[in-house]
Amino acid sequence: MSQDWLYQAVSLVLRNAGLNDGEISLTLLDDDSIRELNRTYLGKDTPTDVISFTLYEGEESVLGDVYVGYERAASQADEAGIPVEEELARLSIHGTLHVLGYDHPDTPARFASDMFVLQERLVRKLLDEAN
């Protein structure tokens, strides 16, 4: 997997939102590192698959940080029977959508939320563009 693949995933979200100005940093972390972020900033002492921080307000240019838990992504990809690259792209898209202000419930209803529907549409578009 190349950095280019994840760059394309984040760029797709921004283009879809009609944005051509802004900055999103994307960092892959191991379980221990993302657990520390989760504990420090969200008060949850557990590893997670993605954490996002929105660093802009109102009409400012988009600015945000997305942290993807690589080990969680690999495990989830294995469980779903998909390539890890696809799951990393999905989580990068998910985190970028959060930076743009999208949200979802923390219940099973999350999978039917507008955010998840958009996320999966963008993942499919990314995969189609790659083929």
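The values are calculated or read from the model by the stated rules, or taken from the named source; none is laboratory data. On a predicted model such as this, the values are computed, not experimentally measured, just so you know. Here Cβ is always computed from backbone atoms with ideal geometry, including for glycine, and neighbour counts include all displayed protein chains.
Here are some notes:
- Members of the stretch 40-56 found to be among the β-branched types (Val, Ile, Thr), part of a strand (DSSP E or B) and crowded, with 16+ Cβ neighbours inside 10 Å, listed by number: VAL50, ILE51
- Only one of the listed residues (LEU37, LEU19, LEU14) is under 18 Å from HIS94 (Cβ atoms), touching a residue at least 40 places away in the same chain (Cβ under 8 Å) and not in a loop (DSSP other than H, G, I, E, B). That residue is LEU14.
- Test: residue in the stretch 28-48 that is within 16 Å of the chain's Cα centre (by Cα) and among the small types (Gly, Ala, Ser): no
- Counted residues, the stretch 57-92 - those being outside any helix (DSSP H, G or I), in contact with a strand residue (DSSP E or B) (Cβ under 8 Å, 6 or more places away or on another chain) and modelled with pLDDT of 95 or more: 8
- With respect to the conditions (1) surrounded by fewer than 21 Cβ atoms within 10 Å (Cβ to Cβ); (2) among the aliphatic types (A, V, I, L, M); (3) out of contact with any Phe, Trp or Tyr (no Cβ under 6 Å at 6 or more places or on another chain), ALA73 falls short on a single one, namely (1).
- Subset of the stretch 40-61 (residues that are of a type in the set (S, T, N, Q) and without any contact (Cβ under 8 Å) to a residue 12 or more places away in the chain): THR40, THR46
- Each residue in the stretch 62-114 was checked for being under 22 Å from ASN131 (Cα atoms), of a type in the set (S, T, N, Q) and either free of Cβ contacts under 8 Å to residues at least 24 places away in the same chain or touching a Pro at 6+ places or on another chain (Cβ under 9 Å) (or both), and 0 pass.
- Condition check for GLU87: of a type outside the set (A, V, I, L, M, F, W, C) and buried (at least 19 other Cβ atoms within 10 Å of the Cβ): yes
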